[in-house]
Each structure stands twice: as structure tokens, then as C-alpha cells.
Amino acid sequence: MPEPSGLLFFGGSRLAALHDAELPQKDEFCGPFWGMLGLHAFGFDEVGGEPVDQDIVAREAGTTLSQEDPYVSLPPGEEPRVDYRLELPAAAAAAEAGTNAPPVARAVERLSGGALGVVRLAGPWRSDTVVRLLELCLEHAPDAVLAANIATRYLWGTHPDQATLIAHLEGHDVEGPASEWDVGHFVGLGFLLRGSGGMLIGVRDTYRSLGWNGTHLQPPAAVAAALARDGRAEGGVLCICRTDDAERLERVLAAEGFDLRDWDNGSVPAPGTPA
């Protein structure tokens, strides 16, 4: 089991370096961004002579592009990134644009030739279950890539002051800053930081302006709320790992009462997306 205190990372320095090198995501590609990082983390950089990049995962996962003003869905101060390598279809409506979670999972499994498995977790989402998920993944699949499908409005703002963070780790009841933006989004759950009285989750985001160079700290309660989405379109976590680790992790998580299934985040896959 993980130690009861300290800083516990997923994927080590390799995943951190891969994340840093890929920032920022292309517009509408937060899901493919994390699917690609999951593949790269396990050495899948090319498939059939084609690079494994955000675009190939987007194509395989049925990502669609919004036709509205691109600044509407970006964090404050960010600029659009539309250097697409592949041509992708437009969504029928802005609310349907982006990438749904189940096709991302299937794309990762397919592009890895079955070497990787993706454990789909749809809840339940509370502070204790989010922490327990990280603990179990660290124990049974420490090199996993955890892609969380969330609603950003429930997170703390990504630049809290040090006093607030330290007070939370000491176990004090503190209120963090409001979130900078309000979208459905994929982020990575990168590490767990334990203090004397509280914990913080290291969230790896897809824009450098969020947190410190794309990484910010969130209380487990905020992450749980962002995953639960207040009963609207569902959220969840995709645990990308080796197939044998995925099978073992599924058994452990099922025994702990987690809801292992696909969920629908509201994005509509492009027609013809592989099942």
C-alpha cells in the first residue's frame, strides 16, 4: 500500500515530460490529448506508419469540431490551436462537439493492438472514493494514465495562494478561488499529495495558463464534484494501463464497489466511428 504521507506520482518523470511536450491541446481535442498521452506513455508512438498524435486519436474516437467562436470554450487568455493534421467533421450543434469517453477508450485499445486496456469508472464520486481510486491505482497500476472527464466549474481556480493550499493540507476548512472557466473537459489525475490533515490531487491540464505550467492542485471534494457534474451529463475516469494490469485493477475496483461501465458526457461521435 502507498505510504500514509508524502507525494505519490503516476507515471513518474516520463509522463510528466510527455505532458509538458504536448501542451497545449488542439481545439476540441482534450479527450484525444489524453488518449495520445496514454499511448505514448507505453511506447506507442506510431501505428501503421502514421504518427500517434492528437489527430489520429480524434479520428479513431469520432471527435467533431464546433463551428462557434473558438474563444467561447477556451480558458481566459488562451489562443485557439487549429493546426489539424487530419480533416474532421463538424458537429451538428456546438453542445455536441468534442469527444465522448467510450470511443476514446476503444481508440486507445485499438491503436495499441490490444496491448493496453482501459478501465472505465463511472462513480460513485465522493472525496473518499476519489482518493481510494488513486490509492488502488497506485498500488496495482502505478504507471497508469488516469484521464478524468469532468465539468471544470466545480474545480478550484488554478492559481490559489500558498496559504490556502497549506491550510487545506493542515486540515482547515478553507474556500478556494472560483474556477476560471466552465466547460466539459478531460484532464489527467497525476499525483496525490498528503498533508497532516488533508490531501490535494495534482491535476494535469491541457493548457499552460492553468496552474503552474499546466498542472494545478485540487481538493478531493472539488475533483469529486467535477466528476459527478451535479447530475448533468455524466463524468468518469479512464484508467489506461497494460492489459494485465487493467484486468487486475477491474477486479479490485469492483470489489471496492466502484461502478465499472461506460458513460455519456454529451458529445456525439461522428457517424461511422468504430464501435
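The values are calculated or read from the model by the stated rules, or taken from the named source; none is laboratory data. All values reported here derive from a predicted model rather than from experimental measurement. Because the Cβ atoms are built from the backbone with ideal geometry, glycine has one as well, and the counts that use them run over all protein chains shown. In case anyone asks, the SASA skips ligands and DNA or RNA and just uses the protein heavy atoms, side chains included. Shrake-Rupley method; radii C 1.70, N 1.55, O 1.52, S 1.80 Å.
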Exercise for review: Compute the longest continuous run of the chain that contains no exposed trypsin sites (Lys or Arg not before Pro); treat a site as exposed when its DSSP state is not H, G, I, E or B and it has at most 12 other Cβ atoms within 10 Å.
Suggested key: 1-231
**Study point:** Charge sum, other residues only, whose C-beta stays under 14 Å from Leu169's C-beta, Lys/Arg counted +1 and Asp/Glu -1
**Key:** -2
Study note, to complete from the structure: Note, the stretch 45-55: 3J(HN,Hα) by Karplus (6.51, -1.76, 1.60, θ = phi - 60°), whole Hz, Gly/Pro = x, goes 9, 8, 9, x, x, 10, x, 7, 10, 4, 5
Revision key, fill the gap. Any residue on another chain or 5+ positions along whose placed amide H is under 5 Å from the amide H of Thr215 is listed here as Asp205
Review point. Considering only protein heavy atoms and a 1.4 Å probe, what is the carbon-and-sulfur percentage of the accessible area of the stretch 216-263?
Key: 47 percent
Check your understanding: Which whole-Hz ³J(HN,Hα) couplings does the stretch 94-109 yield from phi under the Karplus relation 6.51 cos²θ - 1.76 cosθ + 1.60, θ = phi - 60°, glycine and proline marked x?
Key -> 4, 5, 9, 6, x, 9, 7, 5, x, x, 4, 4, 5, 5, 4, 5
Check your understanding: Around Val52, with a cut-off of 9 angstrom between Cβ atoms, what is the net charge of the other residues, counting Lys and Arg +1 and Asp and Glu -1?
Key -> -4
Revision key, fill the gap. The set of residues whose placed amide H lies less than 5 Å from the amide H of Val183, leaving out same-chain residues fewer than 5 positions away, is Thr152, Arg153
